[in-house]
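Read through the structure below, which is laid out as structure tokens, and then see the notes.
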Amino acid sequence: MTALTLSTAAAPGLRADAIVIGVAKGAKGPVVAPGAEAVDKAYDGSLAGVLETLGASGAEGELTKLPAPAGFKAPLVVAVGLGAEPDAETGFDAEALRRAAGTAARALTGVKKAALALPVDGPGALEAIGEGVLLGAYSFDSYKESNSKAKGARAKNGKAPLGEAVLLGGKPRDAAHKGALARALAVGEELNRARDLVNTPPNDLTPASFASIVQAAAKEHGLKVQVLDEKALTKGGYGGILGVGGGSAAAPRLVKLAYTHPKAERSLAFVGKGITYDSGGISLKPAGHNETMKCDMAGAAAVFAAVVAAARLGLEANVTGWLALAENMPSGSAVRPGDVLRMYSGKTVEVLNTDAEGRLVLADALWAASQEEPDAIVDVATLTGAMMVALGSRTLGVIANDDAFRTAVYEAAEETGEPAWPMPMPEHLTKGLESQVADMTNVGERWGGGLLAGLFLREFVGDGIAWAHLDIAGPAFNEGAPFGYTPKGGTGTAVRTLVRLVELTAEGELG
Ligand code: BES
Ligand code: MN
Ligand code: ZN
């Protein structure tokens, strides 16, 4: 992982392989962002013009390399686009800095040390830049045997990720600055771990191996962990998880991971969908729809990462993560379309489509979480293709049983740089869940499939508990080109939103 350090040094005298500066899109062309004054001065104040000559506009995602001016210890200047120039009072927003830092870190693979001279107006900016660096420098190379000999360092296209990022404008002795860096580290490292889990192929990441990874982390961070295996699930009557996991040779698990703070007054429960592979089951997905279905445990990975990050940060709240882990496979022991499952809550569900499996495992975990009567429950799931059709591949949908809570969750997501949008639960859709033989079915009419899934889940939330559901089917896995701090593959979506929700809870501003 890239090392982060703070320094008040001036760019010219700094020994580094590259100096990163920001360039914004001004009304009349590129504008050199604050933080790069010394660099601009060394170009006799003509840096904006030089950049324009090189074709730079300051647009987001843009990257321009130029030789450092004479007298600089570093040989290279890398200018990253920050997007539209904000007015002087508001300054650059955190997400613009995070993305620019991520773009720079992605471009600096194979580089040992870079100094970032981006606009820093306080700890918030440092945190965003630090986070952007850690997330942008991420690579997943555990399965690239041909690359792994690069002296132990993980290699990307044969090159190791950026070794060290020096954040200029950060004071190494300032408590607020150090705190910002610590937060960036905890969130960045745990988020990257969630990405690793999503990217790990499903022949290696099974419900049992996922549970072992959580147990090891719990030990490391002093968290309470409890793993229900297939025997315990049978004894407890977890019909939803058992039904979905029944077709696989890799048996299901329900993992409970708890972080408690002695002074905490409020409690939150997070529930994650952890389908380690979604083949669709007997309602098998066609070719073209299953190649990326290792990502179907991204909700559980996000919940896991957020609980560990909250613990590392020592936030003053109690947080319990519930990971509903199963593999959805077709076999002689798989649940059939037409089967009726008796869920952990006691309700019966007629399974009409075995590919609508996420709601079945979540139902049991939501009911289990409800039994402890937390102040609020938030579930995270790659639940429906319909939500992806509605919101595209970068925005998560927020559904809730309470308007104010939905707004709070949606705003927390936006605040952390995770695009989100509130979605409704139209009551008339519940008609589609009516079953001839059981209390309900697991699928209804096709239109509004993401909303119907929310209505289904709502049935398994205990009375009086504020609940929100994050459908991350789109943003959990990036099938396109990398952008900003987002790599190809697992993205770690929802981790930052969940951590922010814990912070708000600790501050007494949620629920
Ligand atoms: N895991 C899928 C949803 C999904 C689709 C996630 C695309 C990520 C990308 C989920 O289990 C599923 O198969 N949902 C079905 C539900 C339908 C059968 C009611 C869907 O969306 O088609
Ligand atoms: Mn499915
Ligand atoms: Zn699924």
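The values are calculated or read from the model by the stated rules, or taken from the named source; none is laboratory data. In this text the structure is predicted, and so the values were computed from the model without any measurement. FYI the Cβ positions are ideal-geometry reconstructions off the backbone, even for glycines, and counts take in every protein chain you see. All accessible areas refer to the heavy atoms of the entire protein, side chains included, with ligands and DNA or RNA removed. Shrake-Rupley method; radii C 1.70, N 1.55, O 1.52, S 1.80 Å.
Quick notes
- Degrees separating the helix 94-107 axis from the principal Cα axis of the chain, which is the longest one: 80 degrees
- Descending by average beta-carbon neighbour count within 10 Å, the peptides 173-180, 482-489 line up as 482-489, 173-180, the highest first.
- Rounded to 5, the percent of DSSP beta bridges in the chain classed as antiparallel: 40 percent
- Taking the 1.4 Å solvent-accessible surface of the chain as the whole, the part contributed by carbon and sulfur is 51%.
- Evaluating 6.51 cos²θ - 1.76 cosθ + 1.60 at θ = phi - 60° for every residue in segment 414-423, the Karplus couplings come out as 4, 4, 8, x, 9, x, 9, 8, x, 10 Hz, glycine and proline recorded as x.
- Computed 3J(HN,Hα) for segment 194-211, one whole-Hz value per residue from the Karplus formula 6.51 cos²θ - 1.76 cosθ + 1.60 where θ = phi - 60°, is 4, 4, 4, 5, 5, 6, 4, x, x, 6, 9, 9, 10, x, 5, 6, 4, 4, glycine and proline marked x.
- Eligible lysines near LYS144 by straight Cα distance, threshold 30 Å, same-chain separation 8 or greater: LYS65, LYS112, LYS113, LYS156, LYS159, LYS219, LYS273, LYS285, LYS294, LYS488
- Coil-residue GluC sites (Glu not before Pro) of segment 281-348, DSSP, other Cβ within 10 Å capped at 14: GLU291
- Stretched out straight at 0.36 nm per residue, the stretch from ASP402 to ASP93 would grow longer than its current Cα-Cα span by 108.3 nm.
- Between ASP339 and THR234, the distance separating the two model label sites (each 7 Å from Cα on the Cα→Cβ line) works out to 1.4 nm.
- Degrees separating the helix 495-506 axis from the principal Cα axis of the chain, which is the longest one: 80 degrees
- Peptides 258-264, 337-343 ordered by average Cβ neighbours within 10 Å, highest first: 337-343, 258-264
- Segment 197-506: projected area of the alpha-carbon convex hull, averaged over directions, in nm²: 14.4 nm²
- Over the chain: helical MRE at 222 nm, DSSP H runs n ≥ 4 each giving -39500 (n - 2.57), nearest 500: -10000 deg cm²/dmol
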